[in-house]
Structures are given as C-alpha cells and as structure tokens.
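Where a number appears in this text, it was derived from the coordinates with a stated rule and is not lab data. Quick caveat, the model's predicted, so the values are computed rather than measured. Glycine also receives a Cβ, built like all others from the backbone with ideal geometry; neighbour counts cover every protein chain displayed.
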Amino acid sequence: MLRQRTIRQRVSTTGVGLHSGQRVELTLRPAAAGTGIVFRRTDLDPAVDIPVRAVQVTDTRMASTLSAPEDASVRVATVEHLMSALAGLGIDNLYIDVTAPEIPILDGSAASFVFLVQSAGIAEQAAAKRFIRVKRLVEVREGDKWARLEPHEGFLLDFSIDFGHPAIDATGQHVRVDFAETSFVRDIARARTFGFVQDVEMLRAAGLAQGGSFENAIVMDEYRILNGDGLRYDDEFARHKVLDAIGDLYCVGHPHAGGLPRPQVRPRAQQPAAAQPALPGRCLGVRPFRAAARGACGFRPGLASRLRATRHLRRRCSRCVCWSSSPLLRWPSASRAT
C-alpha cells in the first residue's frame, strides 16, 4: 500500500511575488492524513483557508490562482511551482501559510520549494493514497492551443511548445518524459519561468511582473537570452512548461495514477488549468535526503545510494514500478529556510 505523506516539521522562507512584487512569508506545516493541501491567508483577520480543489481554480492568466470557497475575492496566486514540487515529492497533506495573495517566486523554478520540503523531512502516514485515474480520452482546445489526456499504463508526458522566438527555437521544444524512468527533482524541478523584455512594460502597466528579475526568470530580448548564467537544461523552456503543467493538474486535489498527457502550447498563451497534465502518484525517483532510508513503497536502497549524495544513483525497486534514488540539486542561495 502506498501511504499518504506530509512533512515532519514546519519550515519557512521569505521572498517576493512575481507579479505583485510584495514581500511574502511562506510557512509549510504538517497536516493530518486526509487533509489535502490547504493554503491559509494568515495576513487576514481572521485567517482564511483555501483548500486545493479543481473548483477553487478561478484564474489561469499568467499564473494559476485559487480562491476561497466562501469568498472568491480572497485569493492566492502563482501556486503552480509550489504545487509542482509537492506533486513531485508525493506530498498529500500540508498547510501552507502565506502572508500575501501570491506565493513567492524564489528562483523561478520548483527547486527552492523542493529544498524546503526536503529540509522539513517527509513523513508517511497511516492512510492509503487516493488517486485519480484517466479512464477515457479528454481533450481541451483554446485557439491554437490544445491538451489531451489519454489512458495509459503508467505515466508518460508528451509536451510541445512553439513560441517562434530565436532563442527558444535554438533549444529543444519537445519533451517526452516517462516518470517510471525520470526523476522529477533532477530533470524537471530546476527549470525556470521565462519572459520577454518587450512584454515587461505592458505587463507592469497591467500590475503584473512587478517582482520579476534575472534572479527568478530567464529573460530574453528579441534575439537572445540575457541571463549571464545561460540555461540549466538544453530544453529548459519546454521543461518549465512541463513543471507548470504538473503543478496545475495537481490542483485537482489528488495525484494521477495513470494517463498520457499530450499538451501543445503556442506563443505566450496560458493553457486552461483543466487542460494541464499532472504527475502520477508514485515514487517517481524522488526521495529527500533526510528520509533517504526508504522509497515511497518501502523499498530500501543500498548503502552506497544513501551515502553518496554527490551523485544521482538509481536502483529499480523489485516490489513496484517506482524508482528509489538519491537526488542532487544545486540549491539557489537566495532561498532561506528556517
């Protein structure tokens, strides 16, 4: 039996909102089995809870936004990177306290959120995981964008982007990821969000991108990437769209146990949240350092896998289709965990 997961202890960080530019304090707290993921706006009096459910997704323009069931004006925006990290690490139950209407962008990827969760440690709970399984083909189209979910044994994500920009065209624009063989932490989590210099003035006039910078995004002019450190992956743009998609569909409230998502993204447009593909509810080759003794199914890797944190060692679990591994990330120094 795959068990539900939460974190062992609370952990906090501080950052700025990508669109609001506001300083935000974020705290992750353990939650009991069956709680689900719950955002809490602690800057309000009284505090307002926003449970993660598909019906609470109220806006997907430029970011994914959840609204409170009792009052749709109480929101929390830009949840997709944090939700992607929680999906990738198999976290089922968590309270997320936030002091502003937007999640901090940190380094623009899911890596800093993965680091927070791993710093807190992961605890299995005495309750079985609940999954959503794709049983028939589902497709959503919006203009020249489309996304399709197909039944599939396991979970394989096939993702294409087409932005018509020289810097993006020079990289891989098609990603095919089989999470039976791929580590979310190693291969997806570090991919950053991206934007274009020519769009900044328009976005800021609309009250967006107030907190964007070279520290939390890949920035491009009409021809090239302006970040001095370049890309983290050869196909980082496509991988970041995969990262967003994983987080967006985890907003349905449960991990997916099977499906073959095939999304197509066209220039600078946001997919409907309901069309985004999600991550399956399995180990997926992700184990935090503090909980490195076992995989999600109970598989215990060899001593070398537990001790050599400088390499990514994988062993196939003989009990199920999961991977158990020791991931390595070069964590952004900008994040601060307490």
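How many residues does the range 186-212 contain that are under 17 Å from Ser109 (Cα atoms), out of contact with any helix residue (DSSP H, G or I) (no Cβ under 7 Å at 6 or more places or on another chain) and either surrounded by fewer than 13 Cβ atoms within 10 Å (Cβ to Cβ) or of a type in the set (Gly, Ala, Ser) (or both)?
The qualifying residues number 3.
Report, by residue number, each residue of the range 47-78 that is surrounded by fewer than 22 Cβ atoms within 10 Å (Cβ to Cβ), hydroxyl-bearing (Ser, Thr, Tyr) and not in a strand (DSSP E or B).
Thr60, Ser73
For the range 113-153, what are the residues that are among the hydroxyl-bearing types (Ser, Thr, Tyr) and out of contact with any strand residue (DSSP E or B) (no Cβ under 7 Å at 6 or more places or on another chain)?
Matches in the range 113-153: none.
Looking only at the range 79-95, how many residues end up being under 24 Å from Asp45 (Cα atoms) and surrounded by 24 or more Cβ atoms within 10 Å (Cβ to Cβ)?
So the answer is 1.
Of the residues that make up the range 143-164, is at least one closer than 24 Å to Leu28 by Cα and in a loop (DSSP other than H, G, I, E, B)? Let's see the steps before the verdict.
Looking only at the range 143-164, we keep the residues that are closer than 24 Å to Leu28 by Cα, and these are none.
Within the range 143-164 (the criterion being closer than 24 Å to Leu28 by Cα and in a loop (DSSP other than H, G, I, E, B)), the answer is no, since none of the residues qualifies.
Pick from Leu116, Leu82, Leu106: which is part of a loop (DSSP other than H, G, I, E, B), within 17 Å of the chain's Cα centre (by Cα) and closer than 16 Å to Ser12 by Cβ?
Leu106
Please enumerate the residues belonging to the range 184-225 that are outside any loop (DSSP other than H, G, I, E, B) and over 22 Å from Arg61 (Cα atoms).
Phe184, Val185, Arg186, Asp187, Ile225, listed by residue number.
For the subset of the range 9-24 comprising residues that are over 18 Å from the mean Cα position of the chain (by Cα) and not in a strand (DSSP E or B), which member is nearest to Asn216 (Cα to Cα)?
Gly21
Checking Thr6 against (1) outside any strand (DSSP E or B); (2) of a type outside the set (Gly, Ala, Ser); (3) touching a residue at least 60 places away in the same chain (Cβ under 8 Å): exactly one of these is not met. Which one?
It is condition (1) that Thr6 fails.
Please pick out the residue among Ala123, Ala110 that is touching a residue at least 60 places away in the same chain (Cβ under 8 Å) and either surrounded by fewer than 18 Cβ atoms within 10 Å (Cβ to Cβ) or of a type in the set (Ser, Thr, Tyr) (or both).
Ala123
Kindly indicate whether Thr27 is surrounded by fewer than 23 Cβ atoms within 10 Å (Cβ to Cβ), part of a strand (DSSP E or B) and in contact with a helix residue (DSSP H, G or I) (Cβ under 7 Å, 6 or more places away or on another chain).
no
Considering only residues that are among the acidic types (Asp, Glu), farther than 23 Å from Asp178 by Cβ and in contact with a helix residue (DSSP H, G or I) (Cβ under 7 Å, 6 or more places away or on another chain), look in the range 216-244 and name the one that is surrounded by the fewest Cβ atoms within 10 Å (Cβ to Cβ).
Glu222
Could you tell me which residue of the range 165-181 is nearest to His19 (Cα to Cα), considering only residues that are part of a loop (DSSP other than H, G, I, E, B) and more than 15 Å from the chain's Cα centre (by Cα)?
His165
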